[in-house]
Amino acid sequence: MHSYKEKIDAYIDSKKEEMLEDLKTLVRIDSQKGQAEDGKPFGAGPAAAIAAAQELMQRYGLDVKNYENYVVTGDLAATAVDAASDDKMSEVTGCPCQGEKGLDILAHLDVVPVTEDWTVTQPFEPKVVDGRIYGRGTSDDKGPAIAALYALRAIRELGIPMKKGIRLVLGSDEECGSSDLKYYYGIEKEAPYTFTPDAEFPVINIEKGRLAASFHAKFSDEQPCVLLLKSGDKANVVPGRAVLELEGLGEETVRLAAKETTKETGVAFEISCLTETGTADGAQIEKDGTDKTEKKSGNALRIDARGVSAHASTPQEGKNALTASLRLVSKLFDGASCEDSGNAGIKALLALEKLFPYEDTCGRAAGVYREDANSGAVTLCFSVLDYTPERLSGTFDARLPIGCTEENTRRPLMEALRAAGLEMEDTPMSKPHCVPGDSQFVKILLESYERYSGIKGEPLSTGGGTYVHGLERGVAFGCGTPDVDNHMHGDDEFMMIDTLVMSAKIFADAAIRICNDL
């Protein structure tokens, strides 16, 4: 099948400007999830993106079907191959897609929320600058969807014979739970092979499992020392901020403990005296532990912790303001003489600090650490806590390598929390996902990547979930590259135009081989 490379290269190069215009069409649509409407399960924006993609796929000759605006599919039919030549189709061409399907390509058209802090352009006003196209969705995942569409367009318009068909599946709810795919796969069967260009090259064939579980407790402490501890709002984010309010402790004692905690964690603390009117005068403990504060007095203190956010799948890359605040609480109350230190609420906080200590991002203290040669080690992020003297609720996010099970992971965590007086919700664990790295499918994808990138590729593992996590034979394949931070989910998101074009070529090359019996 390598004989088609020059034709594919020339064709896709000639369509670069059309690719960019089609991508701009999709990026101009604000497809953040909205309020469900009749016939629009994820709101008007995602449905508009589905409609625009449907029009593009129809324009380029694919057999299109809209699944109630959950997903839209475009089929490239199998074509009869002339037995006399591998390079020619028989006279029977353009047959309806009734033959065997060999490959599904999954991409999504919904996008994450935006801010007002973009500098190059506005999120839904695509702009080309210095070899990049900017706009929300250019890299996640509208750009990759267009690359996949142009791969199919190239195969069709060049008349390249295919023993099996290809289906492009474009969904509209990946960012909020992938209920679009749950609906679709309730109707259709998984293809023999599936890839999603919703991650990075070379190939991600292993995805860790996940347990994101919440827990809670109630108290009846009458004279608490800890009035409030609040941090985080999403399970999958290392919290970069926390607020702690204390009563009955001297400011000097708190300031010294905060200084020690900052030296140990790198998390900065700003200390304020709360007054009866709710105002506060501030004290600042810098990241190096330097005290830059005038001493104030008051009946209660507020401590604002400032760390560094990160994704929960890589908690070691952040500075967790929540676990740093628990470290501060432990310094103040663990073995302290405060008459209220025996309260059930404070005991629960001290137990949480021992279960989720600041330095431990891999579950050793919780008793669930394990490591696999291919999929890495457990990561454990304590990401949400809302504490008052009357109640406590929290959430942690664990990413789990091959070998983690309900018995050795979920149950021990539930038992450890129960021992601390906390009840964990009976949340199911998502199992690790793996397509063997030595399978012919993965080898073909790596070869196509290497052919166009010139870089040796190896299969990768990720702690994050991709669009194919629930598919037995699914892997993630493109379009990110290790050397470029394209601000996915951030301000000024972009896609390198050369990468977009290269990806279309890679997808076409791989699809031709996969659908002609590998």
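The values are calculated or read from the model by the stated rules, or taken from the named source; none is laboratory data. Everything quoted here is computed from the prediction, not taken from an experiment. Positions of Cβ are generated from backbone atoms using ideal geometry, with glycine treated the same way; all protein chains shown enter the neighbour counts. Heads up: the accessible areas ignore ligands, DNA and RNA and are worked out on the full protein's heavy atoms, side chains in. Shrake-Rupley method; radii C 1.70, N 1.55, O 1.52, S 1.80 Å.
Using the alpha-carbon atoms, what tilt in degrees (0 to 90, nearest 10) does helix 142-157 show relative to the longest principal axis of the chain?
The answer is roughly 10 degrees.
Using bins 5 angstrom wide from zero, how does P(r) for the range 352-447 break down, in % of all Cα pairs?
That works out to 2, 11, 21, 21, 15, 10, 7, 6, 4, 2, 1, 0, in percent per bin.
Name all residues of the range 38-81 having a backbone nitrogen under 17 Å from the label point set 7 Å from the Cα of C176 along its Cα→Cβ direction, giving them as ranges.
Only 38-51, 68-72 pass the distance filter.
Can you tell me the FRET efficiency between N299 and E6 if r is taken as the Cβ-Cβ distance and R0 is 56 Å, rounded to the nearest 0.05?
Approximately 0.10, to the nearest 0.05.
P(r) tail for the chain, what percent of Cα pairs lie past 33 Å?
When every Cα pair of the chain is considered, 48 percent fall beyond 33 Å.
Report relative contact order for the range 359-415 in percent, whole number only (criteria: Cα-Cα under 8 Å, sequence separation at least 6). Write down the numbers at each step before the final one.
On the way: 72 pairs, mean separation 19.5, N = 57.
Across the range 359-415, relative contact order equals 34 percent.
As I understand it, the value is the acute angle between the Cα axis of helix 440-453 and the longest principal axis of the Cα atoms of the chain; what does it come to in degrees, rounded to 10?
Long axis of 440-453 versus the principal axis of the chain: about 90 degrees.
With a cut-off of 8 Å between alpha carbons and a minimum separation of six or more residues, what is the relative contact order of the chain in percent?
Reported as a whole number, the value is 21 percent.
Length gain on complete extension for the stretch N66 to L256, per 0.36 nm per residue less the alpha carbon to alpha carbon distance?
Extending this stretch completely gives an extra 62.1 nm.
Count neighbours as other Cβ atoms within 10 Å of each site's Cβ, and list the trypsin sites (Lys or Arg not before Pro) in the range 195-280 that are DSSP loop with at most 16 such neighbours. Write down the numbers at each step before the final one.
Working: sites: K208, R210, K218, K230, K234, R241, R255, K259, K263; in loops: K208, K234.
When the trypsin sites (Lys or Arg not before Pro) of the range 195-280 are filtered for loop state and at most 16 Cβ neighbours within 10 Å, K234 remain.
Hey, got a sec? Which trypsin sites (Lys or Arg not before Pro) in the range 432-518 land in a DSSP loop and have at most 10 other Cβ atoms within 10 Å?
Answer in residue order: K456.
Could you work out how far apart the two model spin labels at E55 and D491 are, taking each label as a point 7 Å from the Cα in the direction of the beta carbon, and quote it in nm?
About 3.2 nm separates the two model spin labels.
Pop the C-beta distance of R411 and D233 into the FRET formula with R0 = 35 Å and round what comes out to the nearest 0.05.
After rounding to 0.05, the efficiency reads 0.80.
Working with all protein chains in place, sort I512, I29 by solvent-accessible area computed with a 1.4 Å probe, largest first. Spell out each step's value before the answer.
Working: I512 5, I29 30 Å².
The residues order as I29, I512, largest area first.
Over 29 Å between Cα atoms, which of K33/K218; K234/K354; K142/K234; K208/K443; K7/K182 qualify?
K33/K218; K7/K182
Let me know the whole percent of all Cα-Cα pairs from the range 143-199 that are separated by more than 20 Å.
Pairs farther apart than 20 Å: 35 percent.
Under a plain spin-label model, where a point goes 7 Å from the Cα along Cα-to-Cβ, how far apart in nm are Y185 and D426?
2.5
Kindly give the semi-axes, whole Å and largest first, of the ellipsoid equivalent to the range 407-451, taking each as the square root of 5 times a Cα gyration tensor eigenvalue.
Over the Cα atoms of the range 407-451, the ellipsoid semi-axes are 42, 9, 8 Å.
Would you please classify the overall shape of the range 147-273 from the alpha carbon gyration tensor, given that a ≥ b ≥ c denote the square roots of the eigenvalues, rounded means a/c under 1.5, and beyond that prolate means a/b larger than b/c while oblate covers the rest?
prolate
Through the Karplus equation 6.51 cos²θ - 1.76 cosθ + 1.60, θ set to phi - 60°, convert the phi angles of the range 224-236 into ³J(HN,Hα) values in whole Hz; use x for Gly and Pro.
x, 8, 9, 8, 6, 9, 9, 7, x, 9, 9, 5, 8
Quote to one decimal, in nm, the extra length available between K347 and E264 on full extension: 0.36 nm per residue of separation minus the C-alpha distance between them.
Net length gain for the segment: 27.7 nm.
Would you please put 243-249, 371-377 in order of how densely packed they are, using the mean number of other Cβ atoms within 10 angstrom per residue and starting with the highest?
Numbers: 243-249: 19.3, 371-377: 16.3.
Descending mean neighbour count gives 243-249, 371-377.
Calculated FRET efficiency, D386 and E359, Cβ-Cβ r, R0 25 Å, to nearest 0.05?
Efficiency for this residue pair is about 0.60.
Can you give the angle from 0 to 90° between the axis of helix 321-333 and the longest principal axis of the chain, with both taken from C-alpha atoms, to the nearest 10?
Roughly 20 degrees between the two axes.
Under a crude label model (7 Å from the Cα following the beta-carbon direction), how far is V120 from S393 in nanometres?
3.9
What percentages, rounded to whole numbers, describe P(r) for the range 117-164 computed over all alpha carbon pairs with 5 Å bin width beginning at zero?
5, 19, 19, 17, 12, 10, 8, 6, 3, 1
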